[in-house]
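Working notes, beginning with the structure itself.
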Amino acid sequence: MALTDTFVRQVKHTGKPAGDKHTDSAGMYLLVKAAGKYWRFDYRYAGKRKTLALGIYPEVSLAKARQRRDKARELLAEQVDPGIAKRAEKAATVAAAANTLEAVARELHVTKASAWSPKYAALWIQRMEKDLFPQVGRLPLPEITAPMLLDALRKVEKRGVSETAHTLRQTLGQVFRYGIQTGRCERNPVADLHGALKPLVVKHMAAVLEPVQAGGLLRAIYGYNGQPMTRAALQLSALVFQRPGNIRQMEWAWVDLDSGMLTIPAQAMKRRLHQKINGRPHLVPLAPQAVSILRELHSLTGHGRYVFPSLRTGERPMSDNTINAALRRMGFSTDEMTAHGFRAMARTLMVERLSGVDPEVIEAQLAHGKSGPLGAAYDRADYLEQRRKMMREWADYLDKLRRGADVVELRAQAA
């Protein structure tokens, strides 16, 4: 007698260790155990008796179990073992899950993250989780087309973050190349997106690039009546023109006032992770003017770790917005000058106004890696003596600009 929905719902386990077997029809039965109710199908294939699991009640109803039994009987009629077919289907499902964009991207992230900086690794996966995984993350790589990807990227563009959209396009290219390398797909549809996104307009950091303007900026800095540490940070930004992060995070352990040298550890530099680990420190010769500023500052902050500590706690460096905020208070808009602009100012004025300065020496002082096949072996210490001389000349030139010497058409500083 065939089972009914009511019987299946109400039947209880009697306590038998092996469970209670209740026959339906055509080889299917309900196995009731203390842990639950299980659908089973007994069949014979190649002369051997076998059992196929059809599911668990109530997730699989009586009607659904019968459908699965009938499908298994159809396979048997075609001389196919339904047990083997089920395992093959399960394996295909697992393989498909491992082929999704999200699965491959996460695998690539785990593979590459050890060679990336922690900040970049975190940002890489965060962008994917926010903008791509919800859209196309569950799709297998071979099924993803260029229009699908473009639709996801254009949603990012609509938020007004075109740079992120372009970055994600590059990231997608990495994922699909890895998918090809690991046999998950055969082609990279990202290549078809070339030119499909809105052009990315690169806006360079605002900087003062003319001598007259530089003189006005320096007078404003030296006349700054805010925090003494902020004024000193502004002064040193002009004198040593290192990256803003290296200025604000500068530690007294890096500074040798007697020899006039700032030594920035490799791990604090803007470099790839392996260069941070294996690279040499960046040496920054200090002109007498810079040493004088640091000596005066040492009486204020020399007892702590940072040259420019946070006003709230000496255990952290000053905020990354302190310099820019000071420039705004002095009347320089974001289109006129930024903390990063001191580097461009030095690079431009040195080339145009200081005679005999080798651009290679300037690039070494800026800590710009040298291009070409010998770039990896580039030793910035080779130019150390030239840089000592250059930094003194640069500091003297800034003093002249600040005093107005050799400069005409002085413009009043904005209020």
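Points worth noting:
- The number of residues in region 307-346 being more than 18 Å from G226 (Cβ to Cβ), touching a Lys or Arg at 6+ places or on another chain (Cβ under 8 Å) and not in a helix (DSSP H, G or I) comes to 4.
- Any hit, region 226-248, residues being part of a loop (DSSP other than H, G, I, E, B) and closer than 14 Å to A290 by Cβ: yes
- Members of region 347-365 that are of a type outside the set (D, E, K, R) and either in a helix (DSSP H, G or I) or surrounded by fewer than 16 Cβ atoms within 10 Å (Cβ to Cβ) (or both): T348, L349, M350, V351, L354, S355, G356, P359, V361, I362, A364, Q365
- Matching residues, region 16-47, being among the small types (G, A, S), more than 58 Å from the chain's Cα centre (by Cα) and over 15 Å from A63 (Cα atoms): G47
- Selection over region 204-225 of residues that are of a type in the set (V, I, T) and not in a helix (DSSP H, G or I) gives a count of 1.
- Residue list for region 288-337, restricted to those being of a type in the set (V, I, T), in contact with a strand residue (DSSP E or B) (Cβ under 8 Å, 6 or more places away or on another chain) and buried (at least 19 other Cβ atoms within 10 Å of the Cβ): V307
Coordinate-derived values only; no laboratory data. Quick caveat: nothing in here was measured; it's all calculated off a predicted structure. A quick note on method: Cβ atoms are made from the backbone with ideal geometry, for glycine too, and the neighbour counts reach across all protein chains shown.
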